[in-house]
Each structure stands twice: as structure tokens, then as C-alpha cells.
Amino acid sequence: MQSVLRSNIVGPGLAALTLVAVGTALEPSRAGAAGASSGPLLSTQAPHGPAPGGAPLELIPDRALVKVAIDDPAGFLDRLAGQPAVTALAALPGNSVQALGRVRAALAEAESELGLPPLALARDLGGAGGVFWLDLKNLKPDYGLVLRGSDNGASRAALEVLLARAAERAGFPGAFDAPTAHRVGVDLWELGDDAAVGWRDGMAMLAKDSDAVLATLGGAAARQRERSRGHWTPAGPTGALGAQFDLERARLLAEFGDDDGLRDLVRLPDKPEGQLIFGPSLSTIARGDVLDAWLTADPNGVELGLASTGPDVVPPTSIDLAIEPGPTDLLFATLHREPGVLVDGTLELDDEASASLAKGLSQFELLMGGLDLRRDVLPRLGPTVQLIAREIPFRSGPAPELRLPALALVMELNDSDLVREPLVAAFQNAIVLSNVDRAQKGEGRPFLLRRAEVDETHALTAAHYSRPAPGEPIDMVYNAAPACAATAKWLILASHEDLLNDLMDELPTARDNRAQPVADRIGPSIERLVVDGSRAAALIEAQRDAIELAISLRRGLSEARARELVDGVLALLAAQSHLSLELSATGPDGLALVVRLDSGGTAE
């Protein structure tokens, strides 16, 4: 019977416990479903009255590998659900109906499994807060989940209802009407060899075995509460969902254990895949002693943060800004990438990936006139990469009926005399090959090379489509007028010549040196990305007729349906004015990544 109970109680039990935060936010009534039950499911000895508030942080073992905590889950999810972006996203045509349908279906399925409304159960079990931890003991997983209810009686009744309904579904009604045992003030239900549930003073706990439950909720926990000043406190603002990952211990377990998944996770920052995704600056955040994380919501927006400390966390490099953020930028990003290190690291990839990379590199070297990529080119690419998206006036070419922002990539060059002209020539060769490919496929008009300049300070080239005949519509392809320039310090690739011209004027002079070692940049960002939602909304609004027509024609939608889609996107962009990502040094040995979605104001 125990094995049947284990499979039929632990699964539904975990499902119900994970509904705690949702239940406390969505179920306003304080008279929970558990409290409405009668008979043996209600313990006459369960104390009623308010339980101590907040997540029981003092119960988390000091050396747990992963720690998670949330205070006041109802308030947290109220703030999260109240974000303007959430409301706008749900209001997008089709999204609200589909999302609400999925939520209702999930709740109905859970209610069918449990026999009672899951939101009320979740609220009563963990309305005040909860903690979760994961560890490895003797290289085997060990965990604990403790939920603190806002009312002792409602918490106890909810747990009994959950266990009783699960026992009924397993075909053993009444198996858990009473606890299996009562020790050191803890009511204990043993669910077989791999799980146990306990309850004490408004707190319900799920763990791997009864010993863990008794050690946590029993006398050891009481003594720990007396010295709780030293317990872990989540990083981030008060009221946030907080977590911590013990990186130092994870590295030790990965080194001496046999868990391939943990070993791959720990080594990811140093792998080529990690370098490609995160870059050398962000990947160092995983080299700290611990990694703290938080998610918070307030009236001004939502914030996700990661922070790490350790002697190898702050990357030893310099960040040199070519372009400063402009008032018309829709997107502005400064990233730290080291192409040479990345390409060298990809030699460790599997044979198929290495062969594909080798083919791509050889093709690029042909475009470069035979220069060796690793020896001649990559050492001359600096670590600073910038991305810019900006509205342009279309001075150098016809303005299309539907204008898109132009995009540009700016890369730092070191000792560029050898590669300046070959880089621009490679761009020209790529344009020619693109034209050949398009001609073979019968895909539209070719690009024409419009400019080609070379002097002692820079090399520059630009291409554009031939001008349309009088009366011919100027369609979206005229958003592309690709251009490339290489100076003594910078390489610029742009989707339109107008943006390249503007950025060339904004480049710093030789005397304007903006480089600073990262270690000296305490506070200012090492990497940053900002997306201006309000400016994007203004661009769409100014062209909404053309956008609605394009949507109707390309997707076969009615004008009314296309108008609904545009209205929904505008509402979403207006609700969240800025998305920002910032990686900053917080001290000589500290690094923090903060992603923020602002509901108003301007990006700093």
C-alpha cells in the first residue's frame, strides 16, 4: 500500500503545494475550502489563531546547496499581476481567451485531482510564506519544503484535506485521517520510503524522510529559532522572491561526485557555448562563492537580479565606449565579447560542430582576401561590442512607405592598419555574393555599391537598391541600404547608410579616451542594454495605417483584426516604457546583473 500511496499522494501533494503563491493571490476569501470540511478530516486538537508571519528562514539548513524563500506570496503576486504589461499582454487579441482558458483548465484538473478548490487549499497552507531547499547528502538529493499558513487551524485543516483526498484517490480512504506518529511536538505522516509530511504550529513540511521533518520542525528547529539572527536572508528588496545557490559547494560536489548534469552546469561559463551566450564578463558571475537571485515587483515595474562575490568575479578587462546613448535610440547595448577567445574555445566542440565552424571560418577568410582569421584578424578585434537601433531620416535614399529603425553593430579594433581595408573589402564581397545568390533564385533587384572611400583615417563602403521608377511604390526593402566603415579604432556595420554616417560623426577622437578598467568602474555598468518601449510605440503610432495594411495583406486578416493587433502592441509598449539589463561591479570582488522592466519614467 505504501508504494501506491507514495505515487498517488506525493504527486498531487507537490502540485498543491506549488499552488500556494497563486492561491494566496487569486483567492480573496479567508474562509478556505479546508475550513468548510467536517468529520475526521478536521483535527479537533489543531490550534486556531494567527500563525507567526513570514517565510520560516530560520529552518533552512546553513549548508543547503539551493535556498528559496518568499514572504507574503499574496502581496507578491498581487504586485506582479497588477503590472500594466501583464494586463496589456492578457488583452492582446486571442491571448486573454487562451490564457484564461488554460488557467481554468489547470484549476479544474487540480480540483478534480484533489476534490476541493486548489486555490483555497494553497492559501490556507502557505499564505504567510514558504521556503524550499535542495541539497546533496552522500551525493544523493535531499530537499525540504516548509509552508507557513496565516492561521494555524486553517493550515492544519488544509493539510488534512489534501492527504485525505489523495488517500481516497489511491483507493485507501481514511488512511491518513490521523497522523502516523506524534513526536517532539510534530504531527507526522509517513508516505513510504521516499517522502514524509509533518505539521507544527501552522507550518506544513514535505521532506524526503521523517527524520528530516522531525529535525526541522522539532526540537532542533526550536533551538535554531533561538539563534535565528545568523540565518540566511534573501538578497533584493523586502517582499521579493529570493534564492541563493552555493557555487563553491557545487563545484566541490561536481568535482568529486558523479552527477554529470551538475558538472556540466558548473563548467558552462568556461565552455564555448557559455562564452557565446553570456560573454566573458557575465560568465564570471558564476565563479563567485555564492549566487544570490531575486524577483520583485513594485508600482514602477519588475526587477530580476543576480549577484555574486568572489576573488575571480570582476573580469580584468577594459570597456571603451565608441558611441554614447542617444535620445532617439530605440535600442542601445554595450556588450563585452572576446571573439578570439570564443573561436579558440570552439575547437573543443564535437566533430560536427567543429567542421561546421571550420567551414564558416574558411569562407570568411576567402572574403578577407586570404588573411588568417586567428592570426591576423581576431587579435585585432577588441572586447567592446555595441548595438544601436535608431530612427533615421532617409537622407541618402528613398524613404519606404513603412519605415523601420536602422540597426548598427560597432566593434572595437586594435592596431587596425592591417585589417581596416580587408574588412571593408569583405563586406563588399559579401554584397556581391548576395547579389549572385539572389539572381540565381530570382529574388528581386540587386544591391548597387554606392560609395567606396579609402584614406589614411578610414575605409568606407555603402550599397543601396536602384531607385524605383516614378509612381512605383517604395516598399519595405528600401529600409536596407547596408554600409560598413573601419577607422583606426572602430568597425561599424549598419543596415542603412544614414545611421553609419551619424555614428561616424559621433565616434570619439583620438584625444577622447573613454576606456576604463572594469575594476575601476564600481557602479557604472560593464554591460548594458536598454530598449525604449515608449519610442517604439510612437514609431508604430505614426505609421499605424501602413502597419495595419501590411498585417492584413501578409497574414490575410481583416482590417478590424489587424487594428486590434496594433492596438494591443501599442498598449503593451505604453505599459512598460523601458526594458533595461545592466551588469555592474558592486565592489572589487562583486558583480551584479539586474534586469528591469519599468512601467513609467525614463531609463537612467
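In the stretch 454-467, what residues are touching a helix residue (DSSP H, G or I) at 6+ places or on another chain (Cβ under 8 Å) and either closer than 26 Å to Glu412 by Cα or not in a strand (DSSP E or B) (or both)? Working first, answer last.
Going through the stretch 454-467, the residues touching a helix residue (DSSP H, G or I) at 6+ places or on another chain (Cβ under 8 Å) turn out to be 454, 458-465.
Val454, His458, Ala459, Leu460, Thr461, Ala462, Ala463, His464, listed by residue number.
Considering only residues of the stretch 180-223 that are part of a loop (DSSP other than H, G, I, E, B) and closer than 17 Å to Lys137 by Cα, which is modelled with the lowest pLDDT?
Asp193
Considering only the stretch 469-484, I want to know if a residue exists there that is within 20 Å of Pro325 (Cα to Cα), in a helix (DSSP H, G or I) and not small (Gly, Ala, Ser). Step through it out loud before you land on a result.
We begin by selecting, within the stretch 469-484, every residue within 20 Å of Pro325 (Cα to Cα); these are none.
Checked against the condition, which is being within 20 Å of Pro325 (Cα to Cα), in a helix (DSSP H, G or I) and not small (Gly, Ala, Ser), the stretch 469-484 yields no hits at all.
Going residue by residue through the stretch 503-519, is there one that turns out to be surrounded by 15 or more Cβ atoms within 10 Å (Cβ to Cβ) and modelled with pLDDT of 90 or more?
Yes.
Here's a check for you: in the stretch 550-604, which residue that is part of a loop (DSSP other than H, G, I, E, B) and polar (S, T, N, Q) is farthest from Gly533 (Cα to Cα)? Give the steps one after another, and end with the answer.
Step one: of the stretch 550-604, the residues part of a loop (DSSP other than H, G, I, E, B) are 556-558, 576-577, 588-589, 599-604.
From the residues that got through so far, the ones that are polar (S, T, N, Q) too are 558, 576-577, 599, 602.
Details: Ser558: 27, Gln576: 6, Ser577: 5, Ser599: 10, Thr602: 10 Å.
Among those residues, the one meeting the criterion is Ser558.
Among (1) open to solvent by less than 70 Å² (accessible area, probe 1.4 Å); (2) not in a helix (DSSP H, G or I), where does Asp437 come up short?
(2)
For every residue, the table says whether it meets (1) modelled with pLDDT under 75; (2) part of a strand (DSSP E or B); (3) of a type in the set (Gly, Ala, Ser); (4) in contact with a helix residue (DSSP H, G or I) (Cβ under 8 Å, 6 or more places away or on another chain).
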{"position": "Ser356", "(1), (2), (3), (4)": "yes, no, yes, no"}
{"position": "Lys359", "(1), (2), (3), (4)": "yes, no, no, no"}
{"position": "Gln386", "(1), (2), (3), (4)": "no, yes, no, no"}
{"position": "Ile392", "(1), (2), (3), (4)": "no, no, no, yes"}
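If I go through the stretch 136-173 residue by residue, how many of them are assigned to a strand (DSSP E or B) and crowded, with 21+ Cβ neighbours inside 10 Å? Break it down into steps so the answer makes sense when it comes.
If we filter the stretch 136-173 for residues that are assigned to a strand (DSSP E or B), which is where we start, we get 136-137, 140-148, 151.
Narrowing the set further to residues that are crowded, with 21+ Cβ neighbours inside 10 Å leaves 144-148, 151.
Number of matching residues: 6.
Suppose we filter His496, His464 for residues that are touching a strand residue (DSSP E or B) at 6+ places or on another chain (Cβ under 9 Å), within 14 Å of Arg445 (Cα to Cα) and either buried (at least 17 other Cβ atoms within 10 Å of the Cβ) or at pLDDT 85 or above (or both); which single one remains?
Going through His496, His464 in turn, the sole match is His464.
The values are calculated or read from the model by the stated rules, or taken from the named source; none is laboratory data. Here the structure is a predicted model, which is why all the values come from computation and not from measurement. Cβ sites come from the backbone with ideal geometry, for glycine too, and all protein chains shown count toward neighbours. Areas reflect the complete protein model, heavy atoms only, side chains present, ligands, DNA and RNA absent. Shrake-Rupley method; radii C 1.70, N 1.55, O 1.52, S 1.80 Å.
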